[in-house]
1. Past the 17 angstrom mark, what percentage of all C-alpha to C-alpha distances in segment 4-79 do you count?
2. Over the Cα atoms of segment 47-94, what Rg and Dmax result, in angstrom?
3. First obtain the Kirkwood hydrodynamic radius of segment 88-155 from its Cα pairs, then insert it into the Stokes-Einstein equation at 37 °C and 0.692 mPa s, and state the resulting D in µm² per second as a whole number.
4. Rounding to the nearest 20 debye, state how big the charge dipole of the chain is about its Cα centre with +1 on each Lys and Arg Cβ and -1 on each Asp and Glu Cβ.
5. Please report Rg over Rh for the chain, where both radii come from the alpha carbon positions and Rh follows the Kirkwood definition.
6. List, in order, the whole-Hz ³J(HN,Hα) value for each residue of segment 94-108 obtained from phi through the Karplus relation with A = 6.51, B = -1.76, C = 1.60 and θ = phi - 60°; use x for Gly and Pro.
7. Using 7 Å Cα-to-Cβ label points, what is the Glu95/Ser9 separation (nm, one decimal)?
Amino acid sequence: MSRLHVTTSVNGVAHEVLCDPGQTLLELLRDELGLIGTKEGCGTGDCGACTVTLDDRLVCSCLVLAPEAEGRRIGTIEGVAGPEGLHVVQRKFLELAALQCGVCTPGLIVAAKSLLERIPDPDESTIRYWLAGNLCRCTGYDKVVRAVQAAALEMNPSEDRVFCQASTRSQEPRQ
Ligand code: FES
Ligand code: FES
């Protein structure tokens, strides 16, 4: 089978790779680029462990074909921390022990960061709804929600916080 040449940007770094037409974006990231932070849970779009951003939209990378990355911008867990250290969402997950085995954690953090970029002051129901596509089999969700709330507070410490019920993933569907 002939391989396809794909030019894409991952975490701001340009890549040119050869991939099989049926290869998934998840396989491209892990097997071709060595970015193994993105996890495979189910492989069927049900668990969210493989969540990445594709042109700033959340997707399950196990459901996206690698050739679809052509000319697109991919964001993975490896791109969440900056030169100054861990992103506040990552720090809060650690500080509040919002993880156990960690399989779900990269996807949850990518999704939570995406939420806070869109909605700086999400209320609890908005957080739970936004993260409904990310399943965790061991930690439970309360600590995850607390971590996202703590990150929101640190990122936006206004005393006049306005909590909104706004956009949900029904307006931002995964592909
Ligand atoms: S591995 Fe992609 S949604 Fe579960
Ligand atoms: S920490 Fe184990 S699946 Fe979430």
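Read-outs: derived from the displayed coordinates by stated rules, not from any lab. Here the structure is a predicted model, which means the values were calculated and not measured. Heads up, the Cβs are rebuilt from the backbone with ideal geometry, glycines too, and the neighbour counts pull from every protein chain shown.
1. Details: 913 of 2850 pairs.
Pairs farther apart than 17 Å: 32 percent.
2. In order Rg, Dmax, the Cα atoms of segment 47-94 give 12.4, 35 Å.
3. Details: Rh = 11.5 Å.
It comes out at roughly 286 µm²/s.
4. Details: 17 positive and 23 negative charges, 65 e Å.
The dipole magnitude comes to about 320 debye.
5. Values: Rg = 16.2 Å, Rh = 16.5 Å.
On the Cα set of the chain, Rg over Rh gives 0.98.
6. 6, 4, 9, 6, 8, 7, 10, 6, x, 5, 7, 5, x, x, 4
7. Inter-label distance under the simple model: 3.1 nm.
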